[in-house]
Each structure stands twice: as C-alpha cells, then as structure tokens.
Amino acid sequence: MYAIVEIAGQQFKVEKDQRVFVNRLDAKEGDSVDFDRVLLTDDNGKINVGAPAIDGGQVSAKVERHLKGDKVIVFKKKRRKGYQKQNGHRQYLTELTITGIKA
C-alpha cells in the first residue's frame, strides 16, 4: 500500500517504514506527526483518489532527526563584463519515518 501525501507544500509518494527527507518541520526529534492531506491511496490495485484530498485519510510519521542537505553552489557570470558571483546554499531538512497509512 502506498499513498501520495502533501507534506510542507510538497507531494511525496510514501509507503510504510519508508524514510523521507522533507523541508524542516516544527516538531522535535522523536515526536509523532500526522498528515491529513492525503491525495491518493493505492491498496493492491484498489485506487482511491481524493478531490482534492481524501476525507479521513491520514499518514502518520515519526521525526527521526533534523539535518542540513548537501551544499549547492550557485555561480552567476556575465561574459565580457567582469561580473562573477558565487553563493552557496544548504537546505534545512527533517528526516521522517512513515509509521502508518490510513485511508
């Protein structure tokens, strides 16, 4: 069984016991969080699609840890003008373990 759920403004395809990295959530490590914006569920070929979300659908997850993603280098240049700008960025992430899916 899998579900497509909206977490922190992004959509993820999740299954039970899967680890997912999402944008930083306001929850402490070890806390349990529930997401009720379930857009689609699939239970062995039986597909349930919401309009836009499924009523009563819920995905439960446990917050494992907070971390920072890999560094992304942003480099801008305009040729023949002498303009160069280099910047780095590291995204704040939260690691979740999906504990249950309820349709």
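The values are calculated or read from the model by the stated rules, or taken from the named source; none is laboratory data. These figures come from a predicted structure and were not determined experimentally. No Cβ is skipped: glycine too gets one built from the backbone with ideal geometry, and neighbour counts run over all protein chains shown.
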Item checked: Any chance residue 4 is within 18 Å of the chain's Cα centre (by Cα) and among the hydrophobic types (A, V, I, L, M, F, W, C) -> yes
Notebook entry, point to check: Which residues, taken from region 2-24, are touching a Leu at 6+ places or on another chain (Cβ under 8 Å), crowded, with 16+ Cβ neighbours inside 10 Å and aliphatic (A, V, I, L, M)?
Noted result: 3, 4, 5, 7, 20, 22
Notebook entry, point to check: Got a number for residues in region 55-73 being of a type outside the set (Lys, Arg) and not in a strand (DSSP E or B)?
Noted result: 5
Next item on the list: Could you please find all residues in region 19-57 being farther than 14 Å from residue 96 by Cβ, among the polar types (S, T, N, Q) and either touching a strand residue (DSSP E or B) at 6+ places or on another chain (Cβ under 8 Å) or at pLDDT 95 or above (or both)?
Entry: 41, 48
Check: If you scan region 31-56, which residues turn out to be among the acidic types (Asp, Glu) and either more than 11 Å from residue 3 (Cα to Cα) or in contact with a Lys or Arg (Cβ under 8 Å, 6 or more places away or on another chain) (or both)?
Finding: 31, 34, 36, 55
Notebook entry, point to check: Taking region 52-103, which residues are farther than 16 Å from residue 34 by Cβ and polar (S, T, N, Q)?
Noted result: 84, 86, 87, 91
Notebook entry, point to check: Restricting the search to region 9-38, which residues are outside any strand (DSSP E or B), free of Cβ contacts under 8 Å to residues at least 60 places away in the same chain and under 13 Å from the mean Cα position of the chain (by Cα)?
Noted result: 9, 37
Checklist line | When residues of region 57-75 are limited to those that are of a type in the set (Gly, Ala, Ser) and within 16 Å of residue 4 (Cβ to Cβ), the one surrounded by the fewest Cβ atoms within 10 Å (Cβ to Cβ) | finding: 60
Notebook entry, point to check: Among the residues of region 33-55, how many are of a type in the set (Gly, Ala, Ser) and surrounded by 10 or more Cβ atoms within 10 Å (Cβ to Cβ)?
Noted result: 2
Next item on the list: Working only within region 74-94, note down all residues that are charged (D, E, K, R) and assigned to a strand (DSSP E or B).
Entry: 76, 77, 78, 85
Checklist line | From 41, 97, residue being over 18 Å from residue 9 (Cβ atoms), part of a strand (DSSP E or B) and under 13 Å from the mean Cα position of the chain (by Cα) | finding: 97
